[in-house]
1. Note down the relative contact order for the chain as a percent, whole number, built from C-alpha pairs under 8 angstrom at least six residues apart.
2. Taking 0.36 nm per intervening residue step and subtracting the Cα-Cα distance, what contour gain separates residue 193 from residue 58 on full extension?
3. Mind checking the angle between helix 192-204 and the chain's longest principal axis? C-alpha axes, 0 to 90 degrees, to the nearest 10.
4. Using only Cα atoms, find the angle between the long axis of helix 78-92 and the longest principal axis of the chain, and express it within 0 to 90 degrees, rounded to the nearest 10.
5. So if I take the alpha carbon set of the range 123-238, get Rg, then get Rh from the Kirkwood formula, what is the Rg over Rh ratio?
6. Once all Cα-Cα distances of the chain are split into 10 Å bins that start at 0, what whole-number percent is in each one?
7. Given axes a ≥ b ≥ c from the Cα gyration tensor, I'd like to know whether the range 32-176 is rounded (a/c under 1.5), prolate (a/b larger than b/c) or oblate.
8. Work out the FRET efficiency for residue 166 and residue 89 from their Cβ-Cβ distance, taking R0 = 45 Å, and round it to the nearest 0.05.
């Protein structure tokens with residue numbers, strides 16, 4: 001039997017997907033049946049969490065670490081940095097220097113951290129709705145203001161409104177933009193030219209760009225992910241790229257992610 005055919009019961013292990021739901025932004029215990037649907041079984045499809053067993057090499061590596069019996073503080077290792085470098089190079093053609101890699105405990109906490117670091121209370125932060133709702137939370141929960149450069153639906157395909165983006169990036173109260181690349185939830189894989197134009201607009205108006213690329217490894221056949229890291233150095237100096245193995249390998253519970261920061265300043 002293929003691991004893709006194996007059904008795993010995740011109940012009883014504090015699974016956010018199968019034992020909780022989010023209402024009004026807060027998790028709450030979720031029963032197997034929803035009172036609004038009577039006794040009908042409800043499929044949990046609200047969170048990006050796969051139901052496949054984790055790859056055996058990952059399980060074995062964790063097993064070996066658990067057998068050591070020590071769970072104290074740890075730091076990044078050369079082996080870890082090499083793995084991040086190798087993945088970005090082989091998969092996406094992005095040559096990352098080790099000193100650019102900053103491990104974090106998840107992209108969502110990292111977004112909040114960057115909002116606090118690179119903007120001030122009351123300032124505006126650009127996002128492109130419809131978009132992953134924690135972007136909004138990271139802004140509002142830190143006393144910043146959401147400024148929406150809404151995507152346009154044209155011929156059943158979402159496009160960026162670059163004219164509107166140019167106007168809003170020129171606002172002197174805007175110093176930060178959070179980009180979703182590829183875009184969640186609309187499914188767009190942004191072209192190299194799209195990213196270049198966004199990068200140029202942000203650089204021209206001194207708006208720091210954060211590119212969330214957590215879904216970059218999960219692309220439909222016939223399409224190509226364009227990592228922002230492939231842009232020229234001038235644009236790279238004004239971007240922070242966030243990546244993680246959590247979507248690719250279904251490891252969200254391990255709280256492992258990275259910020260790639262090409263500009264040391």
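1. 17 percent
2. The span from residue 193 to residue 58 would gain 45.0 nm if fully extended.
3. Rounded to the nearest ten degrees, it is 60.
4. The two axes meet at around 70 degrees.
5. 0.94
6. Reading upward from the zero bin: 6, 26, 33, 24, 10, 1.
7. The shape class here is oblate.
8. Efficiency, from the Cβ-Cβ distance: 0.85.
Read the figures in this text as sums done on the coordinates, not as results from a lab. The structure displayed is predicted, hence computed values, not measured ones. Cβ coordinates were reconstructed from backbone atoms using ideal geometry, including for glycine residues, and neighbour counts include every protein chain displayed.
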